[in-house]
1. Please state the charge dipole magnitude for the range B:155-306, taken about the Cα centre, from unit charges on C-beta atoms (+1 on K and R, -1 on D and E), reported in debye and rounded to the nearest 20.
2. Would you mind listing the distances between the residue B:132 label point and the same position in each other copy? Use 7 Å along Cα-to-C-beta, nm, one decimal, shortest first.
3. Within the range A:258-360, which trypsin sites (Lys or Arg not before Pro) sit in a loop by DSSP and count at most 14 neighbouring Cβ atoms inside 10 Å?
4. Please report, in debye to the nearest 20, how large the charge dipole of chain A is about its Cα centre when each Lys and Arg carries +1 at its beta carbon and each Asp and Glu carries -1 there.
5. Along each of its three principal axes, how wide is the spread of alpha-carbon positions in the range B:287-337, in whole angstrom units, largest first?
6. Relative to the other copies, what are the label-point distances for residue A:229, with labels 7 Å from Cα along the C-beta vector, expressed in nm at one decimal and sorted shortest first?
7. Binning every alpha carbon pair distance of chain A at 20 Å from zero, what are the percents per bin?
8. Work out the FRET efficiency for residue B:305 and residue A:283 from their Cβ-Cβ distance, taking R0 = 45 Å, and round it to the nearest 0.05.
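Since every read-out is calculated from the coordinates, none of them should be taken as a lab result. These figures come from a predicted structure and were not determined experimentally. Here the Cβ positions follow ideal geometry from the backbone for every residue, glycine too, while neighbour counts run over all protein chains shown.
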Number of protein chains: 2
Amino acid sequence: MPLRLHHIYHIFLMDMKQRNICTLKINTMKNKAIILNSRPEGKPKLSDFKFINEEIPEITNGEILLKIKYVSVDPYLRGRMSDAESYVKPFELKKVISSGVVAEVIESKTEKYKAGDFVSGLLEWKEYQQSDGNGLLKIDKKIAPLSAYLGILGMTGLTAFFGLTEIGVPKKGETIVVSGAAGAVGSIVGQIGKISGCRVVGIAGTDKKVEMLKSKFGFDDAINYKTTKNIQKDIAAVCPNGVDIYFDNVGGIISDGVHANINRLARIIVCGAISGYNDTSLKTGPRAEYFLIKKSALMQGFIVSNYADKFPEGIKQLAQWLKEGKLIYTETIAEGFDAIPQSFIDLFDGKNKGKMIVKI
Amino acid sequence: MPLRLHHIYHIFLMDMKQRNICTLKINTMKNKAIILNSRPEGKPKLSDFKFINEEIPEITNGEILLKIKYVSVDPYLRGRMSDAESYVKPFELKKVISSGVVAEVIESKTEKYKAGDFVSGLLEWKEYQQSDGNGLLKIDKKIAPLSAYLGILGMTGLTAFFGLTEIGVPKKGETIVVSGAAGAVGSIVGQIGKISGCRVVGIAGTDKKVEMLKSKFGFDDAINYKTTKNIQKDIAAVCPNGVDIYFDNVGGIISDGVHANINRLARIIVCGAISGYNDTSLKTGPRAEYFLIKKSALMQGFIVSNYADKFPEGIKQLAQWLKEGKLIYTETIAEGFDAIPQSFIDLFDGKNKGKMIVKI
C-alpha cells in the first residue's frame, strides 16, 4: 500500500501528540461529519443531510481515537431518520448520524487496543472519533478484507444467517423464496439456503439481477418482479412444491404473491419491508391472520441484535463457509466521505448490487 | 338416571337385532340427519341447512353403532361451509355435516368397545351412525360430565392449552390479552394465563360478559369492544406494561388495537378470526410486517391437530387443573337435535357464553 498524504498526516499528528506539543493546533484541525439536517419525507434527498466541521477529539485514559475507513449504508437507517419510535431510537435532528463502520485505531490510551488495530461497530459518520471500545469488535484483515466485516462477516451476514437458521430452520428439500434477493442480505440468504440443501428462488427488480442470482449466487430460479404479469402465478410456477420458507426483505404486494403460495407450517421471516420505508402513510393489504391460520404458518420479525450473544459462533460459521468457497459476496463500493449521503439514497433506487459500502 | 323412552327403544332395537328378526323393519326406521343445503353467503341462515331422514345403518364386524348425545357447534365450521380450500376440506354440498360429538356405543362388533361406552370424536350430525372406531377417544364420565369432553377436556380446552403454552410460552409477570375472551377457547386461555402467573386482560362484546370474565374467570381486567371509543387506548390503559402475548380469536380492527400495544418479542397466537368469517370479500388492514419488525414479534397460526401427538398429556394437565378447582368452564347448552343449525348461527351473534353445545 503506497504511503499516502493522510498517512503522513497521521504520523505527523501522533508524533506531535506524543510529544505533547501543538495540542491546540491539532484540536482546531477539521474533522468532517454528517448530521441529519431534516427528517426525510418519502425518499431521502441530499438536503436532508449536512456536512459540518468538528474538532478532532482529545482522548482520555481508557479511550481510543478512531479514523473511519469503511461505512455501511443500510435501508434500516431510513427508519431511524423518522421521528417515530421503532426498535432503535430515531436519530436526533441536527446530530451526527451513525451506522456500521470499520475504523482504524490511530491512538490508544487503553491496553485493549493499539494503534493499527481495526475495529467494527456502530460508529458516527465522522472522520475522527473517540471511543471507550464498548460495543466494538476487533477484526482481523488476514481472515477477510476489511469491508467484509460490514457485509458477509458483519451485520449483513449475521442477519441472513440468524434469520434463516433460527426462524426459518431450513430442512433439506424444502423450498425457500427470498425477496430483495440481489441485496446484501438476500444474496447471502440464498447461498445459506443452498448450503442447507433447499431449493432457492429469488425475487429481484432487474433482469440483470435475476441472471446474477442464478449464474453467480447459485439460486435455482429467480423472478423479475418488475416485469412479471402475475407474481403469484410466477411464484407458483417456479415453486412446484410450494413455499416452505419466505425470507422477506421487501413486504407489500410482492409478499402478497408469496404468501398465497405458502405450504402448511411455513415460516415467514420478516427481515425488512423496504417497499414501504419511504411511504408516509401506513401500508395496508390483506390481513395476515387468514393465511396464517389456514396454513398453521409462522411470521416473525427480528433484528439481528436479538442474537447478539451468538454473534461469535455466527461469524465463525460464515468465515468457515467463506474459506471453503461455499459463500461469495458482492459489494458496491462508493469512494470518499462525501459520497455517504448519495450512496444511502441510491439504495432506494436499487442501484447497489450486494452490500453498499463507502470507502473513505 | 331415569329410564326414558329412547332407552326402552334401544333395548327393544338391540334385542331384535340380536335375535336377527325384524331387520327390515329396523332399517326403515328413521334416522334424522342434517345436510349442507347451500353454501352460506355472509352469515349462515337456517335455509343453508336441511333435515333429511336416513336409514339406521347396519354394522359389520369391527364396527360400532353410535347414538349421538352431545354436539359441538364451533365458529371454524363456517370455513368448511365455503368451498374455498382451507386447513380442512370444505363440507360437500348436500352431504351430512360433521363436528365434534360425544356419542354412546349402542351396539359393538369389535372387542375395543362395548355397548354403554362413550366416545368423542369428529362425527356426523346424524342421530345414529356406524364407525370403525378410528379417530375416536373413549371417554370417562366419572372424571367429568360428558359435555366437558367437547369443551374443556376436548378440542376447545386443548386449543387454549396448546396455543397458549406452545406458541405463547407465558412467563410469570407477563401480560396476556385475549380476544373473544368470553368464548369457549378464550375463557380457558385466560384461566391458564392466570395459572401461569400472568396479568390477563379480556376483550368481549357485552358488559355482562366483561363482568363475568372478571368475577367468574379471574381475568384482571376486561374491555367491551362494542362500547369503547378507542380500543387501542383502552388496551394501553389496562396493560400498563404493554402486551407480551395476544391470543387472538377475532382478528380485524380489535386486533389492530392490540397490535399497536405489543411489547418487544411479543407472541401473537392466531387462533381464529371470527370477525371476518362471514365476510365475502378478503379483509384488508394494516400490514403485519411493520409491527412485527418493529417489535421482533411473532405471529403464528395454528390448528389444534398440529399437536395431536400431545393430546393425552394436554387432557391430563387440564383434568388435573379441573380437579384442583383451578379451571372452571361455562357451557351454553341448547336442547334437541333440531336445535343444531340455530345454535351454530347463534355463535355469530355472540349469544353463547363459553362452549356452545347441543344436547340431544
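1. Approximately 220 debye in magnitude.
2. 7.3
3. Details: sites: A:264, A:267, A:283, A:287, A:294, A:295, A:310, A:316, A:323, A:326, A:351, A:353, A:355, A:359; in loops: A:283, A:287, A:295, A:326, A:351, A:353.
In loop regions of the range A:258-360 (DSSP not H, G, I, E or B), the sparsely surrounded trypsin sites (Lys or Arg not before Pro) are A:326, A:351.
4. Numbers: 49 positive and 39 negative charges, 114 e Å.
Once rounded to the nearest 20, the dipole reads 540 debye.
5. 46, 30, 23
6. Copy-to-copy label distances for residue A:229: 5.3 nm.
7. That works out to 29, 54, 16, 1, in percent per bin.
8. The value I calculate is 0.85.
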